[in-house]
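Worksheet: the structure to be examined is printed underneath.
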Amino acid sequence: MLGNRIQRARKAQGFSLRNLADLVALSHAAIKKYEDNLVVPSSDILLKLAKALKVKVEYFFRPERFTLENLQYRKHADMPEKQLEEIKARMLDQIERRVELENLFPSSPIQKFAVGEKKIKSYNDIDNIANQVRKQWNLGLDPLLDLIDIFEEHGIKVFEIDNQEYPGFDGLSASINNMPIIVIGNRWPGDRQRFTLTHELAHLVLYGFMHPDLDEEKCCNRFAGAFLLPKEALISILGQHRNYIEPRELSLLKQEFGISMLSILHRIEDAEIISNALYFQLRKEFNEKGWAQSEPGPQYPKEKTHIFEQMVFHALAEEYIGESKAAELMNMPLESFRNLRAMECQDVAHH
């Protein structure tokens with residue numbers, strides 16, 4: 001309903017009732033009545049609300065079709081509830097536009113996400129599950145490039161949130177109408193984004209299958225490391241047993257597999273290539289040198305995805321939509337979209 005749309009747009013901007021009321025020169029009680037569907041705002045008021053909330057008027061009339069289920073957050077304990085509500089509201093807007101776009105095609109260009117049943121009795125079982133998913137997706141043991149596109153191709157929709165606004169946010173997973181989604185921060189280094197992506201994938205894959213004695217977050221971290229850097233690949237590079245690991249070796253593996261040096265060190269211990277004592281010795285070295293906070297060497301490139309934009313231009317080329325609808329889906333002004341279409345600008349913020 002209209003009131004729900006107004007409330008969601010307000011939360012997406014992080015406005016209180018009073019903040020929004022001040023922007024449109026109304027009382028907060030009037031805004032509350034609109035949101036509670038007690039009063040229908042006039043067309044003039046809707047225009048003011050749309051401008052203040054940075055949406056098009058059409059936004060208010062989209063049907064409410066989605067609710068979030070099975071929400072799992074990563075590193076959210078220190079985030080205010082208000083910020084989590086903002087993220088959820090912004091995410092729902094992205095999801096609506098994405099689903100609307102996919103529904104334009106005669107058949108969906110994205111396959112459905114599916115994982116088989118499994119039993120997880122110990123942490124060591126997690127490696128096997130990660131290998132099974134790699135096998136199911138025909139990924140082999142090689143480093144995984146363009147991780148977001150891999151997820152998208154296998155039915156998991158990935159969205160990004162500007163985590164400069166939300167420094168406490170790493171990622172979340174959820175489902176909407178049995179459609180799995182993952183949200184990550186778009187400003188973290190690539191290795192952190194990739195670990196978050198695979199950690200959230202673990203929530204989707206392992207949900208409901210873990211033995212009650214196992215810690216869910218520990219299981220998800222183990223899965224993330226195993227999915228990004230399989231034990232077999234690790235042993236083939238480092239050998240079956242090592243008495244010491246040079247930090248430079250970890251740095252080279254980081255650049256190859258897109259996983260942090262510290263996470264690789266943990267993987268090496270999981271794979272029993274090094275002893276527990278050596279693991280803690282190397283962890284101590286990391287802490288003493290400040291590498292636990294900022295790792296040496298170049299950062300791994302951030303994850304990028306072009307699937308949404310490619311689908312918009314595909315729909316435009318096939319005349320499923322016109323320019324105005326394409327600009328609305330890309331969440332950008334029509335003139336900016338026309339410049340993008342004419343190849344007069346290459347990198348325009350959208351979504």
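Residues in the range 221-233 include at least one that is surrounded by 22 or more Cβ atoms within 10 Å (Cβ to Cβ), small (Gly, Ala, Ser) and either within 17 Å of the chain's Cα centre (by Cα) or within 27 Å of Asp162 (Cα to Cα) (or both).
Residues that are among the charged types (D, E, K, R) and touching a residue at least 24 places away in the same chain (Cβ under 8 Å) do not occur anywhere in the range 15-29.
Quick one: in the range 216-250, which of the residues that are outside any helix (DSSP H, G or I) and of a type in the set (A, V, I, L, M) is farthest from Phe151 (Cα to Cα)? Checked the range 216-250; the qualifying residue farthest from Phe151 (Cα to Cα) is Ile245. Among residues of the range 138-185 being part of a loop (DSSP other than H, G, I, E, B), of a type outside the set (D, E, K, R) and touching a strand residue (DSSP E or B) at 6+ places or on another chain (Cβ under 8 Å), the one that is nearest to His203 (Cα to Cα) is Ile156.
Answer with yes or no whether Ser324 is closer than 25 Å to Arg187 by Cβ, at pLDDT 90 or above and not assigned by TED's automatic domain parsing to the domain that holds Lys56. No; evaluated as a whole, the condition is false for this residue.
Every test in (1) crowded, with 18+ Cβ neighbours inside 10 Å; (2) in a loop (DSSP other than H, G, I, E, B) is passed by Ile264 save one, and that test is (2). Here is the figure for the range 273-305: residues that are surrounded by fewer than 17 Cβ atoms within 10 Å (Cβ to Cβ) and without any contact (Cβ under 8 Å) to a residue 24 or more places away in the chain total 13.
The criterion of being within 30 Å of Ile268 (Cα to Cα) and among the polar types (S, T, N, Q) holds for Asn128. How about the range 327-347: which of its residues are farther than 30 Å from Pro189 by Cβ and in contact (Cβ under 8 Å) with a residue 24 or more places away in the chain? Listed by number, the residues that qualify are Glu328, Arg341. When Val205 is tested against (1) over 15 Å from His154 (Cβ atoms); (2) over 10 Å from the mean Cα position of the chain (by Cα); (3) crowded, with 21+ Cβ neighbours inside 10 Å, exactly one condition is not met: (1). The single condition among (1) in a loop (DSSP other than H, G, I, E, B); (2) among the hydroxyl-bearing types (Ser, Thr, Tyr); (3) modelled with pLDDT of 95 or more that Ser294 does not meet is (3). Within the range 186-209, the set of residues being outside any helix (DSSP H, G or I) and out of contact with any Asp or Glu (no Cβ under 6 Å at 6 or more places or on another chain) comprises Arg187, Trp188, Pro189, Tyr207, Gly208, Phe209.
Does the range 165-177 include one or more residues that are over 30 Å from Ser324 (Cβ atoms), modelled with pLDDT of 90 or more and hydrophobic (A, V, I, L, M, F, W, C)? So far as the range 165-177 goes, no, none of its residues is over 30 Å from Ser324 (Cβ atoms), modelled with pLDDT of 90 or more and hydrophobic (A, V, I, L, M, F, W, C). Here Leu2 qualifies as touching a Pro at 6+ places or on another chain (Cβ under 9 Å) and aliphatic (A, V, I, L, M). Taking each residue of the range 127-151 that is in contact (Cβ under 8 Å) with a residue 24 or more places away in the chain and looking for partners that are in a loop (DSSP other than H, G, I, E, B) and among the aliphatic types (A, V, I, L, M) with beta-carbon atoms closer than 8 Å, six or more apart or interchain, yields Val133/Val115; Arg134/Leu141.
The values are calculated or read from the model by the stated rules, or taken from the named source; none is laboratory data. In this text, all values refer to a predicted model and were calculated from it rather than measured experimentally. A quick note on method: Cβ atoms are made from the backbone with ideal geometry, for glycine too, and the neighbour counts reach across all protein chains shown.
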